[in-house]
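Below: the structure, in structure tokens.
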Amino acid sequence: MVQLSTYCIREATIEDLKYTETVVKVVNEAYHSGGGWTTVKHIVDGLRTNNKEIDELVKTNGTSHVLLYAFDGDIVVGTVMFKPANDKGESDFSLLSVAPDYQSKGVGGALVRQMINCMKTKGVTTVVLEVLDNRTELIAWYKKLGFIEAEKMKFNWHGTVKTPNVRFLIMKKDI
């Protein structure tokens, strides 16, 4: 059994480049495996990320984004990334991923809470996210974390959409 107290969540550093392959696997399995409840495999085709993208995000961490990793010991089990606040104090986040074996064990919630703590120190007043409007289980989870539905917008993704008429639901939380 995984104990929440063993997780360490921190900003990714240049020394974490050694974890790139693991991070890519965590992200792509979270988004595209059949084993996790967060998969979008039935909605879109294509991998979510690759080694080149993660390496670049780590190398530029703290500039146009902040990338956090969740560790269980020395194993990366989750990720989340956010951007600096815009002129309205809003910041969106992405790349929220938890390894399927660690899902429903508190890692995702811990990542979001730590991300919000980091956002507050950087002047963010409102957290914004985009979730597919047909992902009712994720929408309910975000509502438990205090997010509210704001608007819908066109679904833009780098993969092929398998589900017609899917849209992004914008959700927000004041912090």
(request) With r as the distance between the Cβ atoms of K144 and E21 and R0 = 35 Å, compute the FRET efficiency 1/(1 + (r/R0)^6) and round to 0.05. (result) 0.60
(request) Under 14 Å from the Cβ of E53, count the other residues' Cβ atoms, weight Lys and Arg +1, Asp and Glu -1, and hand me the total. (result) +1
(request) Grab the eigenvalues of the alpha-carbon gyration tensor for region 101-155, scale each by 5, take roots, and send me the semi-axes largest first in whole angstrom. (result) 20, 18, 9
(request) Put one equal scatterer on each alpha carbon of region 65-117, apply the Debye formula with no solvent term, and list log10 I(q)/I(0) at q = 0.28, 0.30 1/Å to two decimals. (result) -1.09, -1.20
(message) Let me check something: with ligands and nucleic acids excluded, how do I170, I75 order by accessible area (1.4 Å probe), largest to smallest?
(response) I75, I170
(request) Would you tally the net charge around K144, using a Cβ to Cβ cut-off of less than 13 Å, leaving K144 out, and scoring K and R as +1, D and E as -1? (result) +2
(request) Taking the Cβ of M115 as the centre, find all other residues whose Cβ is under 12 Å away and add up their charges (Lys, Arg: +1; Asp, Glu: -1). (result) +4
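The values are calculated or read from the model by the stated rules, or taken from the named source; none is laboratory data. Treat the numbers as computed from the prediction; the structure is a model and nothing was measured. Here the Cβ is made from the backbone with ideal geometry for all residues, glycine too, and neighbour counts use every protein chain on show. Ligands, DNA and RNA are excluded from the accessible area calculation, which covers all protein heavy atoms including side chains. Shrake-Rupley method; radii C 1.70, N 1.55, O 1.52, S 1.80 Å.
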